[in-house]
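Novice: Let me begin by handing over the structure; questions about it come next.
The values are calculated or read from the model by the stated rules, or taken from the named source; none is laboratory data. Not measured: the values here are computed from a predicted model. All Cβ positions, even for glycine, are placed from backbone atoms using ideal geometry, and neighbour counts span all protein chains on display. Surface accessibility is based on the protein's heavy atoms, side chains included, excluding ligands, DNA and RNA. Shrake-Rupley method; radii C 1.70, N 1.55, O 1.52, S 1.80 Å.
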Amino acid sequence: MAEPIVDRLVALIDEHGPIPVSQYLEHALYGPDGFYMAGGRAGRGGDFLTAPEVGPLFGAVVAGAVDTWWRELGSPSEFTVVEGGAGPGTLARAVVAADPEVLSSGALRWFMVERADAQRAAHPTHAQLVSVGPADAPSSVAAGVVFANELLDNLAFDIVERARAGWREVRIGVESGRLVERVGPEVALPEWPEGSPTASATPVGTRLPVQRQARAWVADARARLTRGRVVVFDYGGTTSELVSRDGGWLRTHRSHDGGNGWLAEPGSCDITTDVDVDQLQLDRRADRHDRQSGWLRRHGIEDLVEEGRATWNRSAGIGDLAALRARSRIREADALLDPDGMGGFHVLEWVVDPDHG
Ligand SMILES: C[S@@+](CC[C@H](N)C(=O)[O-])C[C@H]1O[C@@H](n2cnc3c(N)ncnc32)[C@H](O)[C@@H]1O
């Protein structure tokens with residue numbers, strides 16, 4: 001039997017000393033028997049629910065948005081969507097079912113980029129869908145979109161803690177054979193904008209995630225595009241909001257509950273952070289920043305729900321599949337638009353246009 005992750009980490013730390021949180025997370029989430037490698041996933045039968053897993057409505061709205069973006073670029077004959085962290089491919093499946101014009105015209109190629117083999121194995125097959133690991137994602141896209149739903153919260157991050165002077169890095173050490181937090185050496189933070197809480201009198205003990213990988217992912221996504229946009233959806237907040245959450249930005253998910261804490265059984269649960277939307281924009285400010293409810297409304301969710309309501313009113317008595325789908329649409333919209341839930345998520349868009357800087 002494979003050695004449990006915790007034993008491997010204890011041996012590593014005994015040999016080299018406390019490790020950064022990002023290194024711990026790489027092992028706990030993406031190591032050989034890390035959470036995602038061992039089959040952890042989104043979905044009703046999985047560990048947590050995401051917008052595509054609520055039902056096909058989210059994908060239907062995204063399909064409409066992709067049509068809009070394609071037309072804005074003059075309906076090119078090739079239009080590529082690169083979906084980072086595609087999970088089991090549920091969003092792509094729903095986009096195909098919605099049959100946007102960019103798909104039926106033959107222009108669309110949609111890459112489902114997923115790090116975990118177990119999830120890639122579940123990807124739908126379709127002539128215009130391509131399932132790849134991160135190393136095989138297209139390195140350049142002439143016209144298209146790089147998209148991610150709830151990926152950035154899942155990329156390994158570090159943690160810093162406010163000390164009397166400066167900020168210190170939280171590392172993972174070992175005590176009596178168990179993994180424990182250790183406040184390590186003073187560290188330099190990324191350059192937050194002036195007036196941010198990291199520059200002023202943040203209370204001693206305040207913790208924040210430092211999201212270098214998420215920031216690098218956005219920069220890399222922009223660099224791959226010649227023309228188009230990077231669009232990311234995630235839960236999160238500004239740096240000030242994360243400070244006020246008093247460490248509550250660190251989340252664990254397992255079978256729809258919180259698991260036993262983030263250090264107790266590495267590999268047994270997902271570990272994520274609320275995404276700091278200020279950090280994400282340190283390299284370049286997003287061209288649009290919406291809440292998910294506003295974004296979905298801007299891209300026509302209400303028309304789709306009205307369509308569903310009309311179908312339901314017409315055919316509720318028959319109770320056929322179309323009627324049930326229509327009713328489900330109304331329920332899905334409630335979940336997707338809930339301002340205290342997914343409706344409050346952040347959507348950031350960076351436009352890449354070689355004609356305008
Ligand atoms: C929270 S899940 C979201 C899945 C899906 N987007 C959804 O909304 O249901 C995040 C997914 O990103 C994958 N992932 C993490 N890092 C990745 C990377 N660098 N490239 C591609 N996929 C990655 C994980 O394996 C996991 O399946």
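Novice: Between residues in the stretch 109-120 that are within 18 Å of Gly34 (Cα to Cα) and more than 6 Å from the ligand (Cβ to nearest atom) and residues that are open to solvent by less than 20 Å² (accessible area, probe 1.4 Å) and at pLDDT below 95, which pairs lie under 8 Å by C-beta distance while being six or more apart or on different chains?
Specialist: What qualifies is Ala118/Tyr36.
Novice: Are any of the residues in the stretch 215-225 closer than 23 Å to Gly40 by Cβ, within 16 Å of the ligand (Cβ to nearest atom) and touching a residue at least 12 places away in the same chain (Cβ under 8 Å)?
Specialist: yes
Novice: Which of the residues belonging to the stretch 70-93 are surrounded by fewer than 21 Cβ atoms within 10 Å (Cβ to Cβ) and either without any contact (Cβ under 8 Å) to a residue 24 or more places away in the chain or assigned to a helix (DSSP H, G or I) (or both)?
Specialist: Arg71, Glu72, Gly74, Arg93
Novice: Which of the numbered conditions does Ser22 fail, given that it passes all the others? Conditions: (1) open to solvent by 30 Å² or more (accessible area, probe 1.4 Å); (2) in contact (Cβ under 8 Å) with a residue 12 or more places away in the chain; (3) away from the ligand (no atom under 12 Å from the Cβ).
Specialist: Of the numbered conditions (1) open to solvent by 30 Å² or more (accessible area, probe 1.4 Å); (2) in contact (Cβ under 8 Å) with a residue 12 or more places away in the chain; (3) away from the ligand (no atom under 12 Å from the Cβ), the odd one out for Ser22 is (1).
Novice: Answer yes or no: is there a residue in the stretch 128-137 that is within 16 Å of the ligand (Cβ to nearest atom), open to solvent by less than 20 Å² (accessible area, probe 1.4 Å), touching a Leu at 6+ places or on another chain (Cβ under 6 Å) and free of Cβ contacts under 8 Å to residues at least 60 places away in the same chain.
Specialist: Checking the stretch 128-137: not a single residue is within 16 Å of the ligand (Cβ to nearest atom), open to solvent by less than 20 Å² (accessible area, probe 1.4 Å), touching a Leu at 6+ places or on another chain (Cβ under 6 Å) and free of Cβ contacts under 8 Å to residues at least 60 places away in the same chain.
Novice: Okay, moving on. Only one of Arg309, Arg285, Arg327, Arg298 is closer than 30 Å to Asp246 by Cα and either open to solvent by 40 Å² or more (accessible area, probe 1.4 Å) or in contact (Cβ under 8 Å) with a residue 60 or more places away in the chain (or both). Can you tell me which?
Specialist: On the way: Arg309 fails: closer than 30 Å to Asp246 by Cα; Arg327 fails: closer than 30 Å to Asp246 by Cα; Arg298 fails: closer than 30 Å to Asp246 by Cα.
When all the criteria are applied, what remains is Arg285.
Novice: Which numbered condition trips up Leu179, out of (1) surrounded by fewer than 17 Cβ atoms within 10 Å (Cβ to Cβ); (2) in a strand (DSSP E or B); (3) touching a Phe, Trp or Tyr at 6+ places or on another chain (Cβ under 8 Å)?
Specialist: Among (1) surrounded by fewer than 17 Cβ atoms within 10 Å (Cβ to Cβ); (2) in a strand (DSSP E or B); (3) touching a Phe, Trp or Tyr at 6+ places or on another chain (Cβ under 8 Å), the lone unmet condition for Leu179 is (1).
Novice: Okay, next question. Kindly indicate whether Ala65 is within 11 Å of the ligand (Cβ to nearest atom), assigned to a helix (DSSP H, G or I) and either under 30 Å from Val305 (Cβ atoms) or open to solvent by less than 40 Å² (accessible area, probe 1.4 Å) (or both).
Specialist: In short, no.
Novice: Looking at (1) modelled with pLDDT of 95 or more; (2) among the hydrophobic types (A, V, I, L, M, F, W, C); (3) part of a strand (DSSP E or B), which is the one condition that is false for Leu208?
Specialist: Exception for Leu208: condition (1).
Novice: Okay, moving on. What do you reckon, is Leu73 farther than 27 Å from Gly133 by Cβ, within 16 Å of the ligand (Cβ to nearest atom) and of a type outside the set (S, T, N, Q)?
Specialist: no
Novice: Now for a separate question. When you go through (1) more than 16 Å from the ligand (Cβ to nearest atom); (2) closer than 30 Å to Gly247 by Cα; (3) open to solvent by less than 40 Å² (accessible area, probe 1.4 Å); (4) not small (Gly, Ala, Ser) one by one for Phe157, which number turns out not to apply?
Specialist: Checking Phe157 against (1) more than 16 Å from the ligand (Cβ to nearest atom); (2) closer than 30 Å to Gly247 by Cα; (3) open to solvent by less than 40 Å² (accessible area, probe 1.4 Å); (4) not small (Gly, Ala, Ser), the one that fails is (1).
Novice: Sort out which residues of the stretch 94-104 are open to solvent by 30 Å² or more (accessible area, probe 1.4 Å), in contact (Cβ under 8 Å) with a residue 12 or more places away in the chain and either closer than 19 Å to Val232 by Cβ or of a type outside the set (A, V, I, L, M, F, W, C) (or both), and write them in order of number. Spell out the reasoning first.
Specialist: Looking only at the stretch 94-104, we keep the residues that are open to solvent by 30 Å² or more (accessible area, probe 1.4 Å), and these are 96-99, 101, 104.
Then keep just the ones that are in contact (Cβ under 8 Å) with a residue 12 or more places away in the chain; that gives 96-99, 101.
Asp99, Glu101 - these are the residues of the stretch 94-104 that are open to solvent by 30 Å² or more (accessible area, probe 1.4 Å), in contact (Cβ under 8 Å) with a residue 12 or more places away in the chain and either closer than 19 Å to Val232 by Cβ or of a type outside the set (A, V, I, L, M, F, W, C) (or both).
Novice: From (1) among the polar types (S, T, N, Q); (2) over 24 Å from Asp338 (Cα atoms); (3) at pLDDT below 95; (4) open to solvent by 20 Å² or more (accessible area, probe 1.4 Å), pick out the condition that doesn't hold for Gln213.
Specialist: (3)
Novice: Restricting to the stretch 25-37, and then to whatever is in a loop (DSSP other than H, G, I, E, B) and within 11 Å of the ligand (Cβ to nearest atom), can you tell me which residue is surrounded by the fewest Cβ atoms within 10 Å (Cβ to Cβ)?
Specialist: In the first step, residues of the stretch 25-37 are kept if they are in a loop (DSSP other than H, G, I, E, B); the result is 31-37.
Narrowing further to those that are within 11 Å of the ligand (Cβ to nearest atom): 34-37.
Details: Gly34: 20, Phe35: 28, Tyr36: 23, Met37: 17.
Among residues in the stretch 25-37 that are in a loop (DSSP other than H, G, I, E, B) and within 11 Å of the ligand (Cβ to nearest atom), the one surrounded by the fewest Cβ atoms within 10 Å (Cβ to Cβ) is Met37.
Novice: Tell me, please, whether a residue that is farther than 20 Å from Arg222 by Cα, away from the ligand (no atom under 16 Å from the Cβ) and either part of a loop (DSSP other than H, G, I, E, B) or open to solvent by 10 Å² or more (accessible area, probe 1.4 Å) (or both) can be found in the stretch 39-46.
Specialist: no
Novice: Report, by residue number, each residue of the stretch 105-127 that is open to solvent by 20 Å² or more (accessible area, probe 1.4 Å) and out of contact with any Lys or Arg (no Cβ under 9 Å at 6 or more places or on another chain).
Specialist: Ser105, Gly106, Arg109, Phe111, Arg115, Asp117, Arg120, Ala121, Thr125, Ala127
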